[in-house]
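The structure under discussion appears below in the form of structure tokens.
The values are calculated or read from the model by the stated rules, or taken from the named source; none is laboratory data. Here the structure is a predicted model, which means the values were calculated and not measured. Cβ atoms come from the backbone with ideal geometry, glycine included; neighbour counts cover every protein chain shown.
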Amino acid sequence: MKSHVIRGLVAALLLSFFSLQPAQAGPTALKAPAISPSVNGKSIMAVPAQWSAAGKSSYKWLLNGKSVSGTKSAFTPTAKQKGATLVYVESVAGATSRSNPLVIGQVFIKGAASIAFTDATSTKLSVALAPTIPANAKATVTWFRGPFEVKEATGLTYEVATADQDSEITASVVYSAKGYTPAKLVSTGIIIPIQERKYSLIWSDEFDASASSTVDPSIWVPQNGDGVAFGVKGWGNRERQWYLDTQSKIDLTGVLTISATRTGAEALNCYYKAPCEWISSKFVTKDRVGFKYGRIEARIKGSVGAGTWGAFWLLGANIDDRGWPGCGEIDVAELLGRDPKKNYGTLHGPLSGGGGRGDTVVMDNGFANDYHTYAIDWLPDQITWYLDGQLYATVNKTDKDWVFDHEFYLIMNLAMGGLFGGDVDPAVKDATMLFDYVRAYQINGVGEVIKH
């Protein structure tokens, strides 16, 4: 009886011991097989897998999932098989490993496309190309901001633009060669960080009443008349006023006032071959002070009444050599009395012309009831508009309409009527536009004042 019990215990212990031992695992592929075209591109070559244990191996070629004939090391495709997907499968002791897929007749790409910054300031990206077979394959690069193609960015390097901030940049590389189907790789993306803007004042006119009751002649030049003397009758817009610098003054509070009135206008003859209807003022910094990039800002109170058209804007300093709109125009503030709650921020270039590019912003209390601050941030590849510190419009450098990479000069004026101002309400007898100050700032060190 005891011997039977002992034998039963021994058997149970042995069973327990063997059941705890790990099962012998089959071989595993330490490295999958790989296939690639031969140097002449006529055959597909296979590199065997590397296995964890030796064993008898078998192989097969799959063309669009179906077995086809080939040797252990090569497959020779036919012209009819172009475009089909080929895979090499290797097996050892029941374990299988598959190669990379390869499209027959397609440019073969080994590796991946990648992009990285190539400068210390992180402003230039470069794409690293993958080695290709055949050797005569040509790579074409297209850059993307998010899902959108960045037009004219087709080189191996990419200059990071202001518009790229807070966006993902990727590069798409298409490899093509005669007789082969093109292949494409897309890089991983890089998020461009937002750069905080820091402003430093580099120039201003505060219209200090202690200096003079009129504008500083070292800064501002009056453009008197109806435009005829400047070759643009009606100032190019069929405006109804004659400009006189005497229609402006700086008061004791340090505010420049431009006054438009009907009174006295009839003593002058305008381009429309009749006594002038209005007199007002216009001043420019042309040939006195120029500006290139930075923040341009003015604190202004506009005028109501249909037909009034107050403006603070810039023109390209090369206007005498390259006329409008080729010289470029930047409208910081255009205040139309017929719509006293809206400001127009617009760019005009050789492509956009009179229509321009930009946007409008609405003020709840209007532009005549109180002062508002109108500003642009002007950078080499972007202009943004602000009302009282709030951004409301952006135009990026995208095409040949961008002619905003040279010196510009400032303009402030109060026009009456014209194509954009509209007909003047007969009930309007006078109008005023007030400037508290005009200032220029550098943005992160970008921006300059040119004194002549």
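Can you tell me which residue within the range 34-85, out of those that are among the hydroxyl-bearing types (Ser, Thr, Tyr) and in a loop (DSSP other than H, G, I, E, B), is farthest from residue 103 (Cα to Cα)? Applying the filter and picking the extreme gives 52.
Of everything listed in (1) modelled with pLDDT of 90 or more; (2) touching a Lys or Arg at 6+ places or on another chain (Cβ under 8 Å), the single unmet condition for residue 73 is (2).
Restricted to the range 256-288, and to residues that are among the aliphatic types (A, V, I, L, M) and buried (at least 18 other Cβ atoms within 10 Å of the Cβ), which residue is nearest to residue 304 (Cα to Cα)? Ranking the candidates gives 260 first.
Restricting to the range 103-161, name every residue that is of a type in the set (Lys, Arg) and either assigned by TED's automatic domain parsing to the domain that holds residue 81 or assigned to a loop (DSSP other than H, G, I, E, B) (or both). The answer is 110, 151.
For the range 158-186, which residues satisfy the criterion of being modelled with pLDDT of 95 or more, among the polar types (S, T, N, Q) and surrounded by 14 or more Cβ atoms within 10 Å (Cβ to Cβ)? Residues satisfying the conditions are 162, 167, 170, 172. Looking at 338, 295, just one residue is charged (D, E, K, R), in contact (Cβ under 8 Å) with a residue 60 or more places away in the chain and surrounded by fewer than 19 Cβ atoms within 10 Å (Cβ to Cβ), and that residue is 338. The set of residues from the range 239-253 being in contact with a Phe, Trp or Tyr (Cβ under 8 Å, 6 or more places away or on another chain) and either closer than 23 Å to residue 314 by Cβ or surrounded by fewer than 14 Cβ atoms within 10 Å (Cβ to Cβ) (or both) comprises 239, 241, 245, 248, 250. For residue 397, the test of being farther than 30 Å from residue 263 by Cα, in contact (Cβ under 8 Å) with a residue 60 or more places away in the chain, in the same structural domain as residue 258 (by TED's automatic domain parsing) and among the charged types (D, E, K, R) is passed. Put simply, of 356, 422 the only residue that is under 20 Å from residue 318 (Cβ atoms), touching a Leu at 6+ places or on another chain (Cβ under 9 Å) and surrounded by fewer than 21 Cβ atoms within 10 Å (Cβ to Cβ) is 356.
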